[in-house]
């Protein structure tokens with residue numbers, strides 16, 4: 001079984017400051033890793049995903065994440081945030097293997113609050 | 001191209017009432033999913049359908065039933081609503097593989113009194 005822990009429930013940050021949202025996962029098999037964003041009163045949309053290859057993954061809106069297998073982490077970063085980045089961010093994992101058929105396990109979410 | 005659509009957007013039920021949440025996608029995806037979102041718990045999978053004609057339970061299936069009506073449509077039914085089912089419900093779809101991106105609908109906010 002897989003599990004995901006997002007280490008911060010809320011992250012307040014000032015506009016133009018850097019931010020890191022932390023995600024750790026647990027799994028007995030190899031996984032694919034995802035970050036989704038949810039803007040207020042909307043559904044989720046994909047920010048980025050790690051499938052294989054380079055451990056540094058770049059996504060939309062200037063976000064990037066680094067896969068660290070030894071620490072089982074997939075932290076999300078942005079060097080300079082904007083007010084429009086205020087949203088809830090979800091880390092998710094999906095395990096290798098045909099029996100899993102795309103099932104995602106989500107973390108609890110981190111609310112990013114960007115202040116002017 | 002509307003993506004994933006859900007109806008209704010809001011619903012208030014009394015305990016014991018039944019209702020069906022509708023979901024449709026126009027992306028020719030094979031797999032479809034129903035999640036519920038509760039504060040501090042992220043999203044939890046209720047049921048999923050890997051392909052037309054198949055459905056399987058997720059993490060929290062109790063109290064729900066689903067129907068994959070055709071490739072486009074995947075409905076979620078609450079036969080006898082309970083206050084514990086007050087939540088925001090999201091439908092999602094993906095091409096089919098475990099590595100594929102899931103595309104989410106706008107959600108249905110359900111309150112059970």
Practice task
Run down A:65, A:1, A:92 and say which single residue is in a strand (DSSP E or B) and within 11 Å of another protein chain (Cβ to nearest Cβ).
Solution key: A:92
Fill in the blank from the handout: Picked from the stretch B:71-113 (must be within 30 Å of residue A:51 (Cβ to Cβ) and out of contact with any strand residue (DSSP E or B) (no Cβ under 8 Å at 6 or more places or on another chain)), the residue modelled with the lowest pLDDT is B:97
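Go through A:114, A:11, A:81 for me and flag whichever is more than 10 Å from the chain's Cα centre (by Cα), more than 9 Å from chain B (Cβ to nearest Cβ), farther than 17 Å from residue B:100 by Cα and surrounded by 21 or more Cβ atoms within 10 Å (Cβ to Cβ).
When all the criteria are applied, what remains is A:81.
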Exercise for the section: Output the number of the condition that residue A:48 fails; it satisfies all remaining conditions of (1) in contact (Cβ under 8 Å) with a residue 40 or more places away in the chain; (2) touching a strand residue (DSSP E or B) at 6+ places or on another chain (Cβ under 7 Å); (3) under 17 Å from residue A:107 (Cβ atoms). Expected result: (1)
Exercise for the section: For residues that are buried (at least 19 other Cβ atoms within 10 Å of the Cβ) and at the interface with chain A (Cβ under 7 Å from one of its Cβ atoms), scanning just the stretch B:83-99, find the one that is farthest from residue B:38 (Cα to Cα). Expected result: B:98
Practice task
Look through the stretch A:38-47, keep the residues that are buried (at least 20 other Cβ atoms within 10 Å of the Cβ) and at the interface with another protein chain (Cβ under 10 Å from one of its Cβ atoms), and return whichever of them is nearest to residue A:77 (Cα to Cα).
Solution key: A:38
Handout entry: Residue list for the stretch B:72-101, restricted to those being without any contact (Cβ under 8 Å) to a residue 60 or more places away in the chain and under 15 Å from residue B:28 (Cβ atoms)
Key = B:72, B:73, B:74, B:97, B:101
Handout entry: Members of the stretch B:66-113 that are under 24 Å from residue A:95 (Cα atoms), in a loop (DSSP other than H, G, I, E, B) and over 11 Å from the mean Cα position of the chain (by Cα)
Key = B:95, B:96, B:97, B:98, B:99, B:100, B:101, B:102
Exercise for the section: Output yes when any residue across the stretch B:48-55 is away from chain A (no Cβ under 13 Å), at pLDDT 95 or above and more than 19 Å from residue A:105 (Cβ to Cβ), and no when none is. Expected result: no
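The values are calculated or read from the model by the stated rules, or taken from the named source; none is laboratory data. Everything numeric in this text was worked out from a predicted model, so none of it was measured. For neighbour counting, all protein chains shown are included, and Cβ atoms are generated from backbone atoms with ideal geometry for every residue, glycine included.
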